[in-house]
Amino acid sequence: GVATKPAETKSKKDAAKGGEAKGETLSPDVARDLYYDMYLGREFEEMCAQMYYRGKMFGFVHLYSGQEAVSTGAIRLLRPDDYVCSTYRDHVHALSKGVPAREVMAELFGKQTGVCRGQGGSMHMFSRKHNFLGGFAFIGEGIPVGLGAAFQTKYRREALQDESADQVTLSFFGDGTCNNGQFYECLNMAGLYKLPHIFMVENNKWAIGMYHDRATGPSFGDNVPNIYKKGEPFGMPGIHVDGMDVVKVREAVATAVARARRGDGPTLIECETYRFRGHSLADPDELRTKEEKERYAKRDPIPAFRKYVLDNKILMEAELKDIEQQVVECVEDSVQFAEASPKPEKGQLLENVFADPRGFGTAPDGGYRYEQAGFTSGTAQVS
Amino acid sequence: GVATKPAETKSKKDAAKGGEAKGETLSPDVARDLYYDMYLGREFEEMCAQMYYRGKMFGFVHLYSGQEAVSTGAIRLLRPDDYVCSTYRDHVHALSKGVPAREVMAELFGKQTGVCRGQGGSMHMFSRKHNFLGGFAFIGEGIPVGLGAAFQTKYRREALQDESADQVTLSFFGDGTCNNGQFYECLNMAGLYKLPHIFMVENNKWAIGMYHDRATGPSFGDNVPNIYKKGEPFGMPGIHVDGMDVVKVREAVATAVARARRGDGPTLIECETYRFRGHSLADPDELRTKEEKERYAKRDPIPAFRKYVLDNKILMEAELKDIEQQVVECVEDSVQFAEASPKPEKGQLLENVFADPRGFGTAPDGGYRYEQAGFTSGTAQVS
Amino acid sequence: NEKLMWEALREAVDEEMERDPNVLVIGEDVGHYGGSYKVTYDLYKKYGEWRLLDTPICENSFMGMGVGAAMVGLRPIVEGMNMGFLLLAFNQISNNCGMLHYTSGGQFKVPMVVRGPGGVGRQLGAEHSQRLESYFQGIPGVQLVACSTVANSKSLLKSAIRSDNPVVFFEHVLLYNLKGETVDGDYCQPLEKAEIVREGTDCTILTYSRMRYTVLTAVQELEKKGVHPEVIDLISLKPFDMEAIAKSVKKTRRVIIVEECMKTGGIGASLSAVISESLFDDLDHEVMRLSSQDVPTAYAYDLEAATIVQPEQVAEAVGKICGLVPA
Amino acid sequence: NEKLMWEALREAVDEEMERDPNVLVIGEDVGHYGGSYKVTYDLYKKYGEWRLLDTPICENSFMGMGVGAAMVGLRPIVEGMNMGFLLLAFNQISNNCGMLHYTSGGQFKVPMVVRGPGGVGRQLGAEHSQRLESYFQGIPGVQLVACSTVANSKSLLKSAIRSDNPVVFFEHVLLYNLKGETVDGDYCQPLEKAEIVREGTDCTILTYSRMRYTVLTAVQELEKKGVHPEVIDLISLKPFDMEAIAKSVKKTRRVIIVEECMKTGGIGASLSAVISESLFDDLDHEVMRLSSQDVPTAYAYDLEAATIVQPEQVAEAVGKICGLVPA
Ligand SMILES: Cc1ncc(C[n+]2csc(CCOP(=O)(O)OP(=O)(O)O)c2C)c(N)n1
Ligand SMILES: Cc1ncc(C[n+]2csc(CCOP(=O)(O)OP(=O)(O)O)c2C)c(N)n1
Ligand SMILES: [Mg+2]
Ligand SMILES: [Mg+2]
């Protein structure tokens, strides 16, 4: 009676990983992993921008550059069988969760080899294998979905008496999303049912052209809004963390993960961060001031972490260079892979509409439609 | 450029009405008004129960008995040009706002003379004349609508420079509704735009069969949920008040109304109360314990207020009896009126679908449908 | 072995929960209260509070939670206390139930059932008298099923729970106390197949849900006059069982659709279009469609009755299409 | 006097705001940002922040706030940044925009416009490629209007703003940069009237929004072959302009519907049904309906293109219905 088999077995390193995050210095292994992941996030996104301008990808493409410390700090701490749920700004969360850059890039190129076979696109990355739940284009709608995964863990523990069920789910979303009702509905349910769910708010101060302070009222007595203060009224700790500091994020998330695994319930973490690019590649980005951009550019999490590991002698310059080189190759490889991959066949059009193809119904001349010759050639009108 | 003409001119008594509510004793006039209104609410609802069991009204009928101190305490304080927005449990809010008992009863009987011509029914009472905005059957959906009325006031003041725009809107809803996202979305907008809107939570501890504590998580550190604590995180005072005490409710609302009229924005008021009957007349009411019911029955707001005005010599027994007699007659009269009133004609079927009947479109044989002979006979298929 | 429809539905839920520990029910008052129409009455005593999950009033989020849980292996039955309330969950139903299997390239399944009472009851007012099938039918990737008898309510719900597709399952507020028998054993009725309620020759009446009984009332009278309509209960509102429909239309060459749905944008509109388009040469008469009036459902009894189709209108339409009365 | 469609729409909003101080715009990024497709660009500088109200991201509540404001005298234009996002506001649109005038017995009006970009763009993915008209058409009490040219976008939007009915106004993501002229002066085009795009004799093509151009591309080729379809842009998706439609059908006796909407439950389904039912004897051929495939819109270009109707399919259908090619 176990609901799902974890996609991968639990990492043995889990305990160690959580361990160092309580103020101790990072191990070189962990530091390497974090640097690689942040650097990959940045390089991947910058490559996306290039590819977009070269007409290799279309639609709304939301880049993550600037916010890497959040994705890396949080997700690299997780076990493979933990869950992550994202938004339209999902490439880097997917990469951090282990989805190969090749598959993400190929998805963006609209190729068969893409992680969703070219059917999802930039805003809809999913990877079942990596417990990566998507990729949601609409504001807030991923939060209940993430909550559902956390609920499954709780259900396995409580209803199916599976003591080993201690997976944690992290749902990521932005400051603007915190004004949507689904956020609060889920805070309440998470608190009520003590779900192992972490609300990861990436407060980059803007929701497209809407400045955070114009969208969100401050708490009574405050002059500026503080999203983390929305945690306590819903029965969970609300934590504010510097989202430009990967170590701090990792520490905060480690505490929340431990709490969730213990069965003590959810945590709300507000990460102060910034996006270094427009909202999407279609955004003229005219409203954010130069001063503001410069202020945050100075806090770029990647050079900051680079300096940190060098200063603390955790990694050496040569190692970092090596990582950088590896990342560049990986991203380059992802582009070549995507470029060389075939486009979807027309038959793909109808293949994933229904998990059970009886959903296409019966035909006037008898039998289920999907059984008819040529049905998945993609030319059959569904009606 | 004024958006609307208030339905009635402002009551001169407004200032006085607000005045006494700060701890002073009530004037006999006010006490009479409050007692009349509460007593009317109770008698009206109990008559509804009778009429329902006699097959005079159908559908889901949600009675207000037990909660009168909230409606009376809040709404009797308002000016005629203030707005009130309600839920499916709306009869008594409508009565408090001045809608004649006849029109409410006739609506429940499904008669032409009903306040909505028999088209709305128990859960959809509206009265434009009394700035009574409805009557909303779905959880939470009235809150944004009430907020819209408050927004109109603000708009007239800010965008149309109408200094006299100081109306206040009260939206009423229950404890269960406070778990719906619209509540939070509206708290945020109300705080952000400083709207003259008062969130009136009638916490009667149950949402149908769902006990409040099973539906709503407590704040961090608390053992039980406190809805009023949701106000401050959204930038407004959150006030807890004994909803079985009409004077206390009146005081709390007076403060909030004054704040709103001043332009200082919204308030959240949680009134602890109880319904003396099942959720609706269709509810077997099996889950609430006898003990709980008895505990609250002892706090019945009507005898309590009766005792208060006698003890404080504000009103005399004879006066109260007189009021009670008046109320009984009023309710009796409402039933006779409803009974004697005609049912809707079939032609009514199509009359209020569109404010502008061009919305029915054109006919195959030319011209607008609504211009055709016999269109409103109600037999015309709309398509 | 006679029982009421709510009991049959409850049996379906009970048996499937017994059979598969991943099946659970999510919704308002589905636990302690037992469901607003008793479909889960006392089941929490047997299966516990986690499997009969009483939720706060937040349709969009508990629907989304159901989607997430389904993606990772559970099989939630999400109840709309009244189906209308699921308008608040429209986004989760259309975007996530409906499309996520596709956008994920087939990686994630969403095996969930969304069910509850709908339709026009007795003077429930406009908001509680919704016909969600008209709003939902355009959503890709979901199946829409409407039960109508004690037997099919149980055997279809069992199938819906076992289906790997998201299924929106319509019950009718006025049918919960209908009496009848269920099929013995672990019977699952195919979700995509219509039911031939009554064979006939003179015309084909296509209907579903409570209108099945409105039609049968009319047909009883027509019988006496020697008119023999074939009556088909669609069962599957999406996709249509075109096999059964085509067969009947080819036989009778005359079609009447009787539905409680809105005339514009309703199930009948889609059905009428498909029949006229794909069986044009098999039709001797235009398809006739009896639907609700395109108006909000009024509270007053007479207006409500005038909004939905009555047996007399069905009889009249049959008379017309069969040439018994001057058209 | 040439301008882009977004400029024409902006002019409509500007003129109506100038004319009536109760007109305002509510939505995400309609103020400082000027609207995601620039329809309110810089208007906040002229009218201030209260009249170009930038809202938090809470579609259901700001829609409901619009309803409340409309009930008490304002005339809000509520923008869905992308129409799809209004799925979250479904309840407010269907229950309150649509039904409140009726349930209140005619006491309250809801004079509001709900507008925004919709339709299938260029590889925007499933959620940003919605056809809300299929979901909304069953809602009683609202009018649905789809603009398609620079001229009609302005003159229809002006009418929608002045209408006392709630109007859902569909713009198409791919048409904002279309060039054209607007009608001079304070012209308001009737919301309920179709446009005869091109007179013809051989068949009637009914279409709307961007598919107008898909159809015209096909027709250009057909012309060369001596085929002359009549092309009608519905404009009003609810109610249909039955006067114009019937006139054309009686003339050509052949109907092709071309839409971007879903095949099941789409606008075309309703339209096809109404035509086949009410003009049965005027038809020489079954109505043909070219709609999107009933699938979520894939991201990959070729799959997306295969989902929506292409000009070649229109040409082929015309050939078939006019008997130019073997059926
Ligand atoms: C329901 C819905 N409404 C509106 C949008 C359009 N939209 C996309 S992103 C966005 C801003 C979100 O801001 P935030 O939550 O701060 O996240 P960020 O983009 O800054 O990461 C908006 C309004 C949407 N995708 N879905
Ligand atoms: C959107 C929606 N979901 C569910 C319901 C069913 N329902 C009606 S009242 C109610 C309980 C409301 O409880 P509360 O807010 O405490 O108000 P009370 O009835 O106690 O006054 C529920 C669940 C509804 N009307 N609308
Ligand atoms: Mg942001
Ligand atoms: Mg309550």
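The values are calculated or read from the model by the stated rules, or taken from the named source; none is laboratory data. Nothing here was measured: the structure is a model prediction, and the numbers come from that model. Using ideal geometry, Cβ is built from the backbone for each residue, glycine included, and neighbour counts are taken over all protein chains shown.
Filter the stretch D:75-113 down to the residues that are more than 16 Å from ligand 2 (Cβ to nearest atom), out of contact with any Pro (no Cβ under 7 Å at 6 or more places or on another chain) and within 15 Å of D:GLY64 (Cα to Cα) and list them by number. Within the stretch D:75-113, D:PRO76, D:ILE77, D:VAL78, D:GLU79, D:GLY80, D:PHE85, D:LEU86, D:HIS101, D:PHE108, D:LYS109, D:PRO111, D:VAL113 qualify.
What do you reckon, is B:HIS93 more than 8 Å from every other protein chain (Cβ to nearest Cβ) and not hydrophobic (A, V, I, L, M, F, W, C)?
Details: more than 8 Å from every other protein chain (Cβ to nearest Cβ): yes; not hydrophobic (A, V, I, L, M, F, W, C): yes.
Yes: the conditions hold for B:HIS93.
Looking at B:ASN179, B:ASN223, B:ASN188, just one residue is of a type outside the set (D, E, K, R) and within 16 Å of ligand 3 (Cβ to nearest atom), and that residue is B:ASN188. The residues of the stretch A:336-369 that are in a helix (DSSP H, G or I), touching a residue at least 12 places away in the same chain (Cβ under 8 Å), more than 14 Å from chain C (Cβ to nearest Cβ) and surrounded by fewer than 22 Cβ atoms within 10 Å (Cβ to Cβ), listed by number, are A:PHE337, A:GLU339, A:LYS346. The helices (runs of 4 or more DSSP H) located wholly in the stretch D:227-327 that include 1 or more residues which are among the hydroxyl-bearing types (Ser, Thr, Tyr) occupy D:242-252, D:267-278, D:301-307. Once the stretch C:33-58 is narrowed to residues that are of a type in the set (D, E, K, R) and within 8 Å of another protein chain (Cβ to nearest Cβ), the residue that is surrounded by the most Cβ atoms within 10 Å (Cβ to Cβ) is C:ARG51. The residue that is nearest to ligand 4 (Cβ to nearest atom), counting only those in the stretch B:173-232 that are among the small types (Gly, Ala, Ser) and assigned to a loop (DSSP other than H, G, I, E, B), is B:GLY209.
Given the criterion within 16 Å of ligand 1 (Cβ to nearest atom), at pLDDT 95 or above, buried (at least 24 other Cβ atoms within 10 Å of the Cβ) and among the small types (Gly, Ala, Ser), identify the matching residue among B:GLY142, B:GLY181. So that I can check it myself, show each step before the final result.
Working: B:GLY142 fails: within 16 Å of ligand 1 (Cβ to nearest atom).
Among B:GLY142, B:GLY181, only B:GLY181 is within 16 Å of ligand 1 (Cβ to nearest atom), at pLDDT 95 or above, buried (at least 24 other Cβ atoms within 10 Å of the Cβ) and among the small types (Gly, Ala, Ser).
In the stretch B:280-301, the qualifying residues are those that are more than 14 Å from chain C (Cβ to nearest Cβ) and within 24 Å of the chain's Cα centre (by Cα), and the one that is surrounded by the fewest Cβ atoms within 10 Å (Cβ to Cβ) is B:ALA297.
For the stretch A:202-237, enumerate the residues that are without any contact (Cβ under 8 Å) to a residue 24 or more places away in the chain, among the small types (Gly, Ala, Ser), more than 14 Å from chain D (Cβ to nearest Cβ) and surrounded by 19 or more Cβ atoms within 10 Å (Cβ to Cβ). Residue satisfying the conditions is A:SER219 alone.
The selection criterion, being at negative phi, facing chain C (nearest Cβ under 7 Å) and among the aliphatic types (A, V, I, L, M), does not hold for A:LEU108.
In the condition set (1) closer than 29 Å to D:ILE93 by Cα; (2) away from ligand 2 (no atom under 16 Å from the Cβ), C:SER129 is compliant with all but (2).
Cβ-Cβ contacts under 9 Å between residues 6 or more apart (or on different chains), taken from a first residue in the stretch D:50-68 that is part of a strand (DSSP E or B) to a second residue that is acidic (Asp, Glu) and at pLDDT 95 or above, are listed as D:ASP54/D:GLU28; D:ASP54/D:ASP29. Is it the case that B:ASP162 is assigned to a loop (DSSP other than H, G, I, E, B), away from chain A (no Cβ under 14 Å) and more than 22 Å from D:ASP20 (Cβ to Cβ)? No: the conditions fail for B:ASP162. Give me the residue from the stretch C:209-250 that is in contact with a helix residue (DSSP H, G or I) (Cβ under 9 Å, 6 or more places away or on another chain), surrounded by fewer than 23 Cβ atoms within 10 Å (Cβ to Cβ) and basic (Lys, Arg) and, out of that set, farthest from the other protein chains (Cβ to nearest Cβ). Checking each candidate, the answer is C:LYS225.
Residues in the stretch B:238-264 that are assigned to a loop (DSSP other than H, G, I, E, B) and surrounded by fewer than 24 Cβ atoms within 10 Å (Cβ to Cβ): how many?
Quick first cut of the stretch B:238-264, residues assigned to a loop (DSSP other than H, G, I, E, B) only: B:243-245, B:263-264.
From the residues that got through so far, the ones that are surrounded by fewer than 24 Cβ atoms within 10 Å (Cβ to Cβ) too are B:245, B:263-264.
Result for the stretch B:238-264: 3.
Taking the stated definitions as given, is A:VAL246 touching a Pro at 6+ places or on another chain (Cβ under 9 Å) and closer than 24 Å to A:VAL30 by Cα? Answer is yes for this residue. Mind telling me which of the residues C:LEU303, C:LEU283, C:LEU290, C:LEU216 ends up being free of Cβ contacts under 8 Å to residues at least 40 places away in the same chain and under 30 Å from B:SER341 (Cβ atoms)? Only one candidate qualifies: C:LEU303.
Restricting to the stretch A:302-332, count the residues that are of a type in the set (Lys, Arg) and surrounded by 14 or more Cβ atoms within 10 Å (Cβ to Cβ).
Adding up the residues that qualify gives 1.
Applying the condition of being among the polar types (S, T, N, Q) and more than 7 Å from chain C (Cβ to nearest Cβ) to the stretch D:79-94 and asking which residue is nearest to ligand 3 (Cβ to nearest atom) yields D:ASN82.
Given the options D:ASN22, D:ASN60, name the one that is out of contact with any Lys or Arg (no Cβ under 9 Å at 6 or more places or on another chain), modelled with pLDDT of 95 or more and within 28 Å of B:GLY142 (Cα to Cα). Before you say what the answer is, go through the steps one by one.
Values: D:ASN22 fails: out of contact with any Lys or Arg (no Cβ under 9 Å at 6 or more places or on another chain).
None of the other options fit; the residue is D:ASN60.
Being under 20 Å from the mean Cα position of the chain (by Cα) and either within 14 Å of chain A (Cβ to nearest Cβ) or within 16 Å of ligand 1 (Cβ to nearest atom) (or both) is the filter here; which residues of the stretch B:185-200 pass it?
Once the filter is applied, which keeps residues that are under 20 Å from the mean Cα position of the chain (by Cα) and either within 14 Å of chain A (Cβ to nearest Cβ) or within 16 Å of ligand 1 (Cβ to nearest atom) (or both), the stretch B:185-200 yields B:CYS186, B:LEU187, B:ALA190, B:LEU195, B:HIS197, B:PHE199.
Which of the residues belonging to the stretch B:111-121 are within 8 Å of another protein chain (Cβ to nearest Cβ) and either farther than 18 Å from B:HIS62 by Cβ or within 12 Å of the chain's Cα centre (by Cα) (or both)? B:LYS111, B:ARG117, B:GLY118, B:GLN119, listed by residue number.
Residues that are farther than 15 Å from B:CYS48 by Cα and either of a type in the set (Asp, Glu) or not in a loop (DSSP other than H, G, I, E, B) (or both) within the stretch B:94-135 comprise B:SER96, B:SER127, B:PHE132, listed in sequence order.
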